[in-house]
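The values are calculated or read from the model by the stated rules, or taken from the named source; none is laboratory data. Note that this is a predicted model, so its numbers are computed, not measured. Cβ atoms come from the backbone with ideal geometry, glycine included; neighbour counts cover every protein chain shown. Ligands, DNA and RNA are stripped out before the accessible areas are found, and what is left, the full protein with its side chains, is counted by its heavy atoms. Shrake-Rupley method; radii C 1.70, N 1.55, O 1.52, S 1.80 Å.
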Amino acid sequence: MTTLREPSAALAEPVERVGRGWTSALSLANGAIWVGWYGPLQILLASQAKDFAPGSGMSKETMLAWVTGAGAVVSLAANPVFGALSDRTTSRWGRRTPWIVAGTAGGALSLLLLAGAGGMGTMVLGWCLVQLTLNAAFAAVTAAVPDRVPRLQRGSVGGWLGAAQILGVVGGTGLATAAGGVGAGYVACAVFTALGVLPYVLRHPDLRLAPQDRPPWSWRGFLAGFWLSPRRHPDLGWAWLTRFLINLSNALVLLYLLYYLRDRLHHADPDQGVLVLTAVNGVTLMATVVVGGVWSDRVGRRKPFVIWSGMLMAVATTLLAVWQTWPGAIVAAAVLGVGFGVFTSVDFALMTDVLPKALDRGKDLGVINVANALPQVAAPALAAPIVTYLGGYRVLYLVAAVIGLAGAWLVVRIRGVD
């Protein structure tokens, strides 16, 4: 008589709630990764491009675009690939922890390489390595949530991860600014990134995957796994499209904000105006990102929160089109932050709820995360002709509102989540 073998604990649906210590440690690890990304993106890479551009035959804007564009291409591929590799890892330290450690260590070393860059070639190499390694860590951190967190706690955990992400962006920018130089800024970000993951990896053991539960290896099967058929997994397809459209709407709003203030509102100091609007948006986003996730967990529903947050973001975007004044821009930034804060936490929980298989959580979340990065590529291609030839900023923001509404409404097509 054949007995059925229980699957690894790593593949079981979690039922025991995680504690505050686990959530805090994972959030800190997530924030540390975002420090490693946004210290360079906000301050350091632009400073290096300004220094290296003279004599290179290109402007600082063009050099920065080439560096960040190359990194974005690496990021699009790295997240799902490393997520898939972590799914198959049978290390004694678990599936995710080895990749968190290796990824953040590699990211810190890559940031130190950037600190010593002497030209554009080293910048491109260093930034691509930062994207490669930190995406390995990020894929593993993200996958730890469906591994360990029961469904009706994922909204609140997603909210804390979202808050850590925002603080990581601010913290990375602050470290890069306060360190007192480009090299020192990279060192500060590298140290924080490496140390920030230690509380999680040292205090919270990961779940191990039994070797017999790992599927047989083949290149064909590995590569084919990155195609998630919308026909076979319609809920995942609709959820991906919802996230892509709402993120595309948000990217269209932010892309030309400086030019909108300068050319349309004729703001006296558009640079300072962007800073003020970013701060207003960040405050309201922080105020709702955790609250929205906790509220969603308590009522046991996801889709109404995504719908209403998308509608609220569309209202904010419409305000930029029809109320083209400085007070209107401030109100729009505040409303947009409220909507995007709720969307960030609840949509993350929604995504983890529609994952097809426990064995592929990391890979599937990596594919889903493409819906975050791809709008950053698509937004300039869509926005430039609209602003230049098809009606300017009023039409741009109305189009962004329609795209956001479409994303919010498509969530009703998801059948497997309340």
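For the subset of the range 178-219 comprising residues that are assigned to a helix (DSSP H, G or I) and either among the acidic types (Asp, Glu) or within 15 Å of residue 88 (Cα to Cα) (or both), which member is most open to solvent (accessible area, probe 1.4 Å)? Lay out the reasoning, then the answer.
Quick first cut of the range 178-219, residues assigned to a helix (DSSP H, G or I) only: 178, 182-196, 198-203, 211-213, 219.
If we keep only those that are either among the acidic types (Asp, Glu) or within 15 Å of residue 88 (Cα to Cα) (or both) as well, we get 211-213, 219.
Numbers: 211: 84, 212: 114, 213: 27, 219: 165 Å².
Among them, the one singled out is 219.
Do you know which residues across the range 68-113 are hydroxyl-bearing (Ser, Thr, Tyr), in contact (Cβ under 8 Å) with a residue 40 or more places away in the chain and part of a helix (DSSP H, G or I)? Steps first, answer last, please.
Step one: list which residues in the range 68-113 are hydroxyl-bearing (Ser, Thr, Tyr), which gives 68, 75, 86, 89-91, 97, 104, 110.
If we keep only those that are in contact (Cβ under 8 Å) with a residue 40 or more places away in the chain as well, we get 68, 75, 86, 89-91, 97, 104.
Listed by number, the residues that qualify are 68, 75, 86, 97, 104.
Condition test on residue 280, is it more than 14 Å from residue 397 (Cβ to Cβ), under 21 Å from the mean Cα position of the chain (by Cα) and at pLDDT 80 or above?
Working: more than 14 Å from residue 397 (Cβ to Cβ): yes; under 21 Å from the mean Cα position of the chain (by Cα): yes; at pLDDT 80 or above: yes.
So residue 280 fits the description; yes.
In the range 362-405, which residues are closer than 30 Å to residue 15 by Cα and open to solvent by 10 Å² or more (accessible area, probe 1.4 Å)?
Filtering the range 362-405 for residues closer than 30 Å to residue 15 by Cα gives 362-372.
Correct list: 363, 367, 369, 370, 372.
Could you say whether any residue in the range 315-322 is modelled with pLDDT of 80 or more, open to solvent by 10 Å² or more (accessible area, probe 1.4 Å) and among the polar types (S, T, N, Q)?
Yes: one or more hits.
Could you say which residue among 132, 175 is closer than 19 Å to residue 78 by Cα and open to solvent by 30 Å² or more (accessible area, probe 1.4 Å)? Don't jump to the end; show me each part of the working.
On the way: 175 fails: closer than 19 Å to residue 78 by Cα.
After ruling out the rest, the residue left standing is 132.
Considering the range 341-369 alone, what residues qualify as being part of a helix (DSSP H, G or I), within 18 Å of residue 150 (Cβ to Cβ) and not charged (D, E, K, R)?
345, 346, 348, 349, 350, 351, 352, 358, 365
Does the range 245-255 include one or more residues that are more than 30 Å from residue 351 (Cβ to Cβ), open to solvent by less than 70 Å² (accessible area, probe 1.4 Å) and of a type in the set (Ser, Thr, Tyr)? Can you show your working first?
Just the residues of the range 245-255 that are more than 30 Å from residue 351 (Cβ to Cβ), to begin with: none.
No, the range 245-255 contains no residue that is more than 30 Å from residue 351 (Cβ to Cβ), open to solvent by less than 70 Å² (accessible area, probe 1.4 Å) and of a type in the set (Ser, Thr, Tyr).
I'm checking my understanding of the structure. Among residues of the range 51-67 that are assigned to a helix (DSSP H, G or I) and surrounded by fewer than 19 Cβ atoms within 10 Å (Cβ to Cβ), which one is modelled with the highest pLDDT? So that I can check it myself, show each step before the final result.
Initially, the range 51-67 is screened for residues assigned to a helix (DSSP H, G or I), giving 51-52, 60-67.
If we keep only those that are surrounded by fewer than 19 Cβ atoms within 10 Å (Cβ to Cβ) too, we end up with 51, 60-62, 65-66.
On the way: 51: 86, 60: 78, 61: 70, 62: 78, 65: 76, 66: 83.
Filtering first and then ranking leaves 51.
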